[in-house]
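Below is one structure; the comments refer to it alone.
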Amino acid sequence: GLDGGQPKVFRTQGETLGKKTAQRMLTNKAGDLSDLATLQMGADYLVAWVDERSSDPEVYATKVNHALNRIAPEQRITQAPGTATDLSLVATKSGALAVWADSRESEQAGAADIYGAARRATDAARSGAAVCRQTERPHERKSAW
């Protein structure tokens, strides 16, 4: 959503009829946001997004409770030059796996590899380094994504 004309990540709770019952702003930094992903973990939620506050699209995550209050500090998942896109969260036995397309080390414009980083269920913190899961060259991201 927008707040003061700037994109922000909001977590919204609603009834089955679509009426909003609660809303919390999760980000308050300048820069574009995209690729929001949410994964329910028990009564809590892992929330991740791609954020351009550093002029390079990077993946961030946090954990919120059922009342939409942040229960873990915001975590930066990626710290590499190149665009991160197409973010997804997948449940695992020990937490979650954040998976995204990343153009780091790309020799060709528009090319991206698939990266993943394990997240702890307790606080959304990284429990291992980001790992290239699949080399997708000559896969090309389409500019319309």
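A few notes on this one:
- For the range 89-127, the set of residues classified as modelled with pLDDT under 80 and either touching a His at 6+ places or on another chain (Cβ under 7 Å) or not polar (S, T, N, Q) (or both) consists of 104, 105, 107, 109, 110, 111, 112, listed by residue number.
- Looking only at residues in the range 35-51 that are crowded, with 19+ Cβ neighbours inside 10 Å and more than 16 Å from residue 122 (Cα to Cα), the one that is nearest to the chain's Cα centre (by Cα) is 49.
- Search result, residues across the range 52-86 that are modelled with pLDDT under 85, open to solvent by less than 60 Å² (accessible area, probe 1.4 Å), within 27 Å of residue 111 (Cβ to Cβ) and in contact with a Lys or Arg (Cβ under 7 Å, 6 or more places away or on another chain): 80, 82
- Some residue of the range 4-24 being assigned to a strand (DSSP E or B), on the phi < 0 side of the Ramachandran plot, at pLDDT 80 or above and open to solvent by 30 Å² or more (accessible area, probe 1.4 Å): no
The values are calculated or read from the model by the stated rules, or taken from the named source; none is laboratory data. Please read these numbers as outputs of a predicted model, since none were measured by experiment. Methodologically, a virtual Cβ is constructed for each residue, glycine included, from the backbone with ideal geometry; neighbour enumeration extends over all protein chains shown. The area values use the complete protein model at the heavy-atom level, side chains included, leaving out ligands, DNA and RNA. Shrake-Rupley method; radii C 1.70, N 1.55, O 1.52, S 1.80 Å.
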